[in-house]
Structure formats: C-alpha cells, structure tokens
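Heads up, the thing below is written out as structure tokens.
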C-alpha cells in the first residue's frame, strides 16, 4: 500500500498541470451536481403597486379616413315624440343651435323621483349616523346583561342539581327496600324480590312475577351504579365549580335521574303485577304492598318532576349561552373596519348607496339633454325628415346638414360598435402628419352593418373639433372613442385583482412604501393580507375599486417564487393573467381562501 501511494504521488509530481486540471474537474463537477441536487431556496418575493386615485377610461379604437363628404344625417340620442321643430329646409344654422325637442315628461319625472329618493337616503344616513354609536353602546350593554344572565343560569343550574340530590337518598332507600327489604318475608328472612313470586301457587303467575322482578332488579342496579358515582361527585360539587364542570355534572345528573325514574317505574310495574295476580288467586297480601304502591307513585311523580326541571334548566342555560354568542357575533359585525362602533357595515353600505344614487341622478340629468337636438356644426339644413308628434328613435333621420366641418369616417367591428353612442368623445391621430391629433365627437352611426367575408363592420362618423389646415380629405386616421369613464376614483392595476369562488379580492402588502418598490420584488416580513373588494369599471390596465381598499395602501401585483438557477413568476398567490383567474389548492389568508 505504501508503495502504491508513493508511486501515485510520484506521478502527480511528474504531471503537475495535468493533475491540477483533473482535481479542478473532479471538485467542480461535484459542486455542480450538489447544486443541482440541493438548490438554495430563496424566499418568496412580491411585486406591489400603490392604490391610487385617478381616471379609469374605457375606449374602442378604429381606423378610417377623413371624409370627402360634408353631408351628415342628424339623429336623436333618445326615443320619444317630437314636440317642437325649430328649422326648415334651406335654413342656415350655427353650432349648438336648437333644432328639435323630444317629449321629456317621463325623464323629468324619473329625475324628480330620483331626487326625492336621494334626499330620503341622505336623511336616513344622517339618522343612522347619529343612531349607530348609540346602537353600538346598547349592544355592549346587552352583552354585559347577557353575561350576567348566563352567570345566574349557572347558579340556577347548581341549584337544580342540588335539589335533585336532596330527593335522591330517600327515593333510593325506598327502591332498595321494595326489592331487598324483608317486609313481605319476615318469617323466612327472604328479600322481598324473592318472596313476591312465592306468594302464588300457579306456575304461570310465578313466572310472570319472576320476569317483572328480573327487569326491576336490572333497572335498579343500573340506577344504583349511576347514583353512587354521581352522589360521590356531588359531595365535592359547589356553586363555585367551573362552568364546564357544572355543565358536565348537569348531564350526569340528568342521566342518573332518568335511570332512577325508570327503576321506580319498573318496581311499580312489579308491585302492580303482584297486586293484580293476588286478586286473581284470592291471596291476601301484606299491607306493605299498598304502602309500596303509594311510595312508588310518589317517587315516580318526584323523579318525573326532577327530570323535567333538569331538562328545563339545561334549555335555559343553552339559551343564555346562545344569547351571549349571538350578541358577540352582532358586535363583531358592527366592528368590521369600525373598531369604535360608530361606522358599521350597514352605514358604509348606505354611503355607497348614496354615491350610486348620486351617480344615477347625474346620468339621468345628462340624458335629459338628449331630449333636445342641437346642431353639431354650422351649416345648411337640406332636408327635414320628421314633423311634430312623430315618434322617433336613435336610428331615425331627423334632418340632413351640409357643413364645412371636417369629418372622419372610421370602421368598427360589431362588438365595439355596440358600445358606441352618439355624442361620445374621441381622440384622433393621422398617419400622414407626426404629432398631429384632434378631438372629436361621434355624430353618426350606421344602423345597418356591412358584411365582408363573414365579418360585420359598422361605419361611424366623427366630427372633428379642429379646423387645422393640415388635415386633408382622404387622410388615414386612427380614432379612440371613449365609451365609459370614471373620474377621480380609487384604482389598482388589473394584476392585483384575484378571484376565488366568484369573490374578488386583493392582497395587501403591509409595511412597504414607494421607496421599496421594485420590479424584481421584495421579501415581506409577513404574508400579504387577503381582503375582499368590490370592483367597478376596468380597462386594459387599471380597475376601479368601489370598496375594500383605500388610497395609499399597497397591493401585490405579482409573486415571484425562485430557487438558484430557476425562477417561476406568478401574478401573486392566485395566478391571474389578463383577467383570467387560475384555480388550485387553497390556503387561508385573512379569512379568504386563496390557492397556494
């Protein structure tokens, strides 16, 4: 062995470079294999964004050309009967001039009703705001009273248990004497239970009595075992015993009392049977039988009363406990996002309802404007297509206007066209001129689409507000039409919205700020808090949050799970891409089930 080692060392010395490379390869390979088999696990990182306030704008886009035609069809934005016409053929009109009026009686009534409803909602909110802290304090006092009542019921339970055991010794002594006394067989010294069957000459009667005796003995022995164990426990039981011990002992006492009641009934059956057979066989019985019957009747009545009292007390105790629990639940609900009790959930709902009513009223007032038709541009009326009292709809042609105003004609698919309405604002850009843009308004929408290769499109005309000479007829134009907008609302990036069981929620990142924001993610000191939210309008990047979060908080937009050499990125704990929600195994965070 020594020679082999010496020879090996000599070879290493003789080939230093080759041996060094071999050693590096061996150690490097081992390190690589170790790294693959035992990767270093890095902590989960979170990318987050601030909850901010801004405008959520939803739009549809289309392309077309600046129209060479200066003729447009004037159509109403609503339906109804024409009540007034202020133009005639060949008349010159100015931008904003009133052309038609449509009956707005129903709309004005709807506005008046909405105003009354809103005023009532505000008054109810004011009343509820004053009442909320009063109700909260009442609930707290109710809880104190309920706990006091519960304490009293535990005392009543102790008393009911004690009352039961005060009756037990005398009853158990009587039941024992009826079976194991010697009142019937004094001359023989036999127990009564053995003597009863010997009173009769007929075998069938002796067997009957023996059968009833066996049942009575068994019921008594069962009751006796429960009584002895329970009575031993009663000796250590006091009113100061714990609530749990009191409830347990109540159950044991009820079981024992029920067993004693059954034993008394079985012995009563035995004695009654003996009395009946004695009458049949003309046997004169010891007067003890009558005494036993009287005593057993009293025992059964007493035990039935005891069992009934214990059952009633158990029910009273349960009701008292349920009352405390119910009030605690009520208080817990009142304290959701409201630790002082002054702004309960129902009050928050009322506030949200008022905001909705205000928004609805504003929408109604905006729609009222649609019952008056104005000239979108200056020009000359060439035709008037309706007369007073005619019924019209949004597709009805009211008049034709020739104007010098530039008009863009764009094409939209049927899905986007369904979202577009007259009067909606648009922004336009022009391929031919870099940096040139113009604002406009939808002035005409085709009522019938054009089908080409199975695709349905609709032409939309947009009147340009700009008279820039750089905009020429025939120029290619791209338009973005605003179909909906929410201004100055709380909003979050779409990636922050998660969905589980039709419930929308976000994950709140606590203890972070803009200073720690990074696209690479950061390690949080604690797991994000899942919080249910009510979502509103959403566009390609942002979603309105109606309730659930406040401006300045931070929400998780992406979760990064990484190990050495590999990295897996998911849009937070619940994967979500472009509005699609992934599902999987769940874990609970903040009371909401979320996948892991």
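The values are calculated or read from the model by the stated rules, or taken from the named source; none is laboratory data. Just so it is clear, the model here is predicted, and its values are computed rather than measured. When we count neighbours, we look across all protein chains shown, and the Cβ atoms used for this are built from the backbone with ideal geometry, even at glycine.
Could you please find all residues in the stretch 424-438 being out of contact with any strand residue (DSSP E or B) (no Cβ under 6 Å at 6 or more places or on another chain) and in contact (Cβ under 8 Å) with a residue 12 or more places away in the chain?
Once the filter is applied, which keeps residues that are out of contact with any strand residue (DSSP E or B) (no Cβ under 6 Å at 6 or more places or on another chain) and in contact (Cβ under 8 Å) with a residue 12 or more places away in the chain, the stretch 424-438 yields 432, 433.
Looking at 322, 276, which is the one that is within 26 Å of the chain's Cα centre (by Cα), farther than 21 Å from residue 549 by Cβ, free of Cβ contacts under 8 Å to residues at least 24 places away in the same chain and in a helix (DSSP H, G or I)?
Residue meeting the stated conditions: 322.
Look through the stretch 61-75, keep the residues that are under 16 Å from residue 446 (Cβ atoms) and in a loop (DSSP other than H, G, I, E, B), and return whichever of them is modelled with the highest pLDDT.
Filtering the stretch 61-75 for residues that are under 16 Å from residue 446 (Cβ atoms) and in a loop (DSSP other than H, G, I, E, B), the one modelled with the highest pLDDT comes out as 75.
Please pick out the residue among 239, 318, 314, 221 that is in contact with a helix residue (DSSP H, G or I) (Cβ under 7 Å, 6 or more places away or on another chain), at negative phi and exposed (fewer than 14 other Cβ atoms within 10 Å of the Cβ).
Exactly one residue qualifies, and that residue is 239.
Out of 137, 130, report the one residue that is out of contact with any helix residue (DSSP H, G or I) (no Cβ under 9 Å at 6 or more places or on another chain), in a helix (DSSP H, G or I), over 24 Å from residue 326 (Cβ atoms) and not assigned by TED's automatic domain parsing to the domain that holds residue 297.
After ruling out the rest, the residue left standing is 130.
Of the numbered conditions (1) assigned to a helix (DSSP H, G or I); (2) exposed (fewer than 14 other Cβ atoms within 10 Å of the Cβ); (3) more than 52 Å from the chain's Cα centre (by Cα), residue 229 satisfies every one except a single condition; which is it?
(3)
Could you run through the stretch 372-389 and say how many residues are part of a loop (DSSP other than H, G, I, E, B) and within 51 Å of the chain's Cα centre (by Cα)?
2
Would you point out the residue of the stretch 294-308, among those that are surrounded by fewer than 16 Cβ atoms within 10 Å (Cβ to Cβ) and in contact (Cβ under 8 Å) with a residue 24 or more places away in the chain, that is farthest from residue 191 (Cα to Cα)?
304
Can you name the condition, by its number, that residue 100 falls short on among (1) touching a strand residue (DSSP E or B) at 6+ places or on another chain (Cβ under 6 Å); (2) in a helix (DSSP H, G or I)?
(2)
Report yes if residue 471 is at pLDDT 80 or above, more than 43 Å from the chain's Cα centre (by Cα), within 14 Å of residue 66 (Cβ to Cβ) and part of a loop (DSSP other than H, G, I, E, B), otherwise no.
Yes.
In the stretch 476-516, which residues are part of a loop (DSSP other than H, G, I, E, B) and surrounded by 15 or more Cβ atoms within 10 Å (Cβ to Cβ)?
Within the stretch 476-516, 497, 509, 512 qualify.
Does the stretch 355-368 contain at least one residue that is outside any helix (DSSP H, G or I), closer than 30 Å to residue 63 by Cα and either assigned by TED's automatic domain parsing to the domain that holds residue 67 or more than 34 Å from the chain's Cα centre (by Cα) (or both)?
no
With within 16 Å of residue 270 (Cα to Cα) and in a helix (DSSP H, G or I) as the only criterion, which of 195, 173 stands out?
None of the others qualify; the one that does is 195.
Just checking, does the stretch 465-478 include any residue being in the same structural domain as residue 66 (by TED's automatic domain parsing), under 26 Å from residue 546 (Cβ atoms) and touching a strand residue (DSSP E or B) at 6+ places or on another chain (Cβ under 7 Å)?
Checking the stretch 465-478: not a single residue is in the same structural domain as residue 66 (by TED's automatic domain parsing), under 26 Å from residue 546 (Cβ atoms) and touching a strand residue (DSSP E or B) at 6+ places or on another chain (Cβ under 7 Å).
Among (1) surrounded by fewer than 16 Cβ atoms within 10 Å (Cβ to Cβ); (2) assigned to a strand (DSSP E or B), where does residue 462 come up short?
The one condition residue 462 does not meet is (1).
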